[in-house]
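Here is the structure we will look at, set down as structure tokens.
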Amino acid sequence: MLEKINEAISHIRAKGVLRPEIGIILGTGLGQMVSEIESIIEIDYADIPHFPVSTVESHKGRLIYGTIQNKTVLAMQGRFHYYEGYSLQEITFPVRVMKLLGIKYLLISNAAGSMNPEFKKGDLMLLDDHINFLPDNPLRGKNHDNLGPRFPDMSQPYSKELNNTFIQVSKQLDIDLKKGVYVAVMGPNLETRAEYRMFRQFADAVGMSTVPEVIVANQMTLPCAAISVLTDECDPDNLKPAILDEILAVAEKAEKKLTKLFVHVIKQI
Ligand code: HPA
């Protein structure tokens, strides 16, 4: 695995990505963030050795290097999901590459369904903790001790320092930032009423991403933070059919405040 990572790193460095400080996974709701990046170098995933390639039309697959608020950022435009058929090792490969390219922090966004009745669609939720409900783990298999420990600690999966920065900046910007537990499921179907009823016992939001990347970031001692755009309200006793276009429309509407929040957090880091 280290050899594959080094081949990917050589290719990315040769394109001019020399000193990235902050890695960003642009999930749903952060599409606009790209327009905030200056002096851009773009690299298609398809050109990077061993990088997975996106199967979803709406997810462009490329790495974008540049600056935001004078910080160098390396952003993944297009991310991978377990339901697409990738292994969790493939999904998290770019996180390992970004860490060994030198990023000091990892920021992530995603879309999720809200199960906490106090959270409304369009709200942003800072991940305070998570539950891995995926039927797999990116660390399964032989451990590469040079990449991290066999049994990584997960007592604080999201950086306290980064989360405090998000909370402080959201107050400054007058953005209502919720905080909660995210449960990752395989998907791709949304949940049944009985499933939402079960999940809401132990989580505030449910989605299909992020947790594998955060597990690997923790194994590599890479501080990370993640924000969910809550795109639908999942009340099992009053569940309306989920319409994908509506979910995407809610995510799009939240883009502006999410982008603003990320830009100001990057300034503070
Ligand atoms: N469940 C899982 N993933 C999601 C949901 C949901 O209700 N909404 C957006 N992503």
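Okay, here's what the table says:
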read-out	value
Acute angle (nearest 10 degrees) that the helix 2-14 long axis makes with the longest principal axis of the chain, alpha-carbon atoms	80 degrees
Extension gain, D47 back to F151 (0.36 nm per residue minus Cα-Cα distance, nm)	34.1 nm
For the chain, convex hull volume per residue from C-alpha positions, Å³	116 Å³
Probe 1.4 Å, all protein chains present, accessible-area order of I40, I24, largest first	I40, I24
Sites L100 and K71, calculated FRET efficiency, Cβ-Cβ separation with R0 25 Å, nearest 0.05	0.85
Segment 1-118: C-alpha gyration tensor shape, a/c 1.5 cut-off, then a/b vs b/c	oblate
Extension gain from M198 to L248, taking 0.36 nm per residue of separation minus the Cα-Cα distance	15.5 nm
Radius of gyration, Dmax [segment 136-182; alpha carbons; angstrom]	16.1, 47
Residue-averaged [θ]222 nm for the chain, counting only DSSP H segments that reach four residues, each worth -39500 (n - 2.57)	-9500 deg cm²/dmol
Tensor-based shape of segment 125-255 (alpha-carbon gyration tensor, a/c under 1.5 rounded, otherwise prolate or oblate)	oblate
Of all DSSP beta bridges in the chain, antiparallel share, percent nearest 5	35 percent
Net charge dipole size for the chain [Lys, Arg +1 and Asp, Glu -1 on Cβ; Debye, nearest 20]	660 debye
A111 long-range amide H proximity, modeled H, under 5 Å	T28, V229
For segment 26-42, 3J(HN,Hα) per residue [Karplus equation, 6.51 cos²θ - 1.76 cosθ + 1.60, θ = phi - 60°, Hz, x = Gly/Pro]	7, x, 3, x, 10, x, 5, 4, 4, 6, 8, 8, 9, 6, 7, 10, 10
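The values are calculated or read from the model by the stated rules, or taken from the named source; none is laboratory data. These numbers were taken from a predicted model, which means no experiment stands behind them. Neighbour counts are summed over all protein chains in view; Cβ atoms, including those assigned to glycine, are modelled from backbone coordinates with ideal geometry. Only protein heavy atoms, including side chains, enter the accessible area calculation; ligands, DNA and RNA are left aside. Shrake-Rupley method; radii C 1.70, N 1.55, O 1.52, S 1.80 Å.
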